[in-house]
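Inspection log for the structure reproduced underneath, given as structure tokens.
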Amino acid sequence: MIESPVCAVVPAKEFDVAKSRLATALTCRERQALSEAMLKDVLNSLSCCVYVDQIMLVTRDGRAINLAETYGARVLVDSPEDNVTKAISKAAAELAGEGFQTMLTVMSDIPLLTTREVELLLMLDRRSSGSILIPSGDGQGTNAVLCSPAHYSHFRFDGRSYRLNENLAASHGKPVRQHISRDIGLDIDTIEDIDRFLKRKSSTVTANFLNALGYQEGVRTIAN
């Protein structure tokens, strides 16, 4: 069930510090480029969705901010003291004040997100479930959340947050529903994630970038 207006919120770390767990596989510059490629894929899918009225990019990275105009997104600049949870809470507070009824938050490192997946998610019936949580592939992280901006104060987005978010919603008496998505569930943090991602054979910006580096299903054939 689509409730309008809908704002999609994408928090993006500074590219310089993103994806540190890939430091043994990619150079600093390559990790920055990977972060940018994944963000492009996410923003592209959201910008093509007719049910998304607005996109908000929450970041302080200059390169990410430059991308916002390309994809028709507004920017909320977070502060160096803000972690992901606090940055998203600020976005939710701003959108609630503007009268948005529905907020879809998606992480910036899920390059297999498709416009069709976003449409299906927004059409889910939430009348009996105030919030919909989409876990990471391992079931530990929270890769996306769909609910009203006012409910975001109940959620956390750092580390292994999925079960915590279920419990937090329940403790506040808010109904919550799980939605499993292979596409949204696949974020890229490790070399094993790169392997799983490339096995999906997508035509994304991220896949093209990794292939150009010489990666074939997680194995790099060109030395960095």
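Averaged over its residues, the chain has an accessible area of 45 Å² per residue, based on protein heavy atoms and a 1.4 Å probe.
Exposure check, 1.4 Å probe, all protein chains in place: Leu39 carries approximately 0 Å² of accessible surface.
Can you give the local net charge around Arg63? Use residues other than it whose beta-carbon is closer than 10 angstrom to its beta-carbon, Lys and Arg +1, Asp and Glu -1. Value of the local net charge: -4. Taking the protein heavy atoms of segment 135-224 in the context of the full set of protein chains, the accessible area attributed to carbon and sulfur is 49 percent at 1.4 Å.
Here the spin labels are modelled as points 7 Å beyond Cα on the Cα-Cβ line, and at Glu98 and Thr70 they lie 2.2 nm apart. Probe radius 1.4 Å, ligands and nucleic acids ignored: give me the carbon and sulfur share of the accessible area of segment 1-66 as a rounded percent. Summing carbon and sulfur atoms, their accessible area is 47 percent of the total for segment 1-66. Counting only protein heavy atoms and using a 1.4 Å probe, the accessible area of Glu94 comes to about 70 Å².
Distance between the pseudo-spin-label points of Arg29 and Leu124 (7 Å out from Cα toward the beta carbon): 4.1 nm.
Compared with the direct C-alpha span, the chain from Ile191 to Asn83 gains 36.5 nm at full extension, assuming 0.36 nm per residue. Rolling a 1.4 Å probe over the protein chains gives Cys147 an accessible area of about 0 Å².
When the C-alpha to C-alpha distance is required to be over 22 Å, the pairs from Lys13/Lys90; Lys90/Lys174; Lys40/Lys174; Lys13/Lys199; Lys19/Lys86 that qualify are Lys40/Lys174; Lys13/Lys199. Comparing mean-square fluctuations of Thr190, Thr24, Thr204 from a GNM of the chain with C-alpha springs under 10 Å, the top value falls on Thr24.
The values are calculated or read from the model by the stated rules, or taken from the named source; none is laboratory data. This structure is a prediction, so every number in the text was calculated from the model and none was measured. Cβ sites come from the backbone with ideal geometry, for glycine too, and all protein chains shown count toward neighbours. SASA here: full protein model, heavy atoms, side chains in, ligands and nucleic acids out. Shrake-Rupley method; radii C 1.70, N 1.55, O 1.52, S 1.80 Å.
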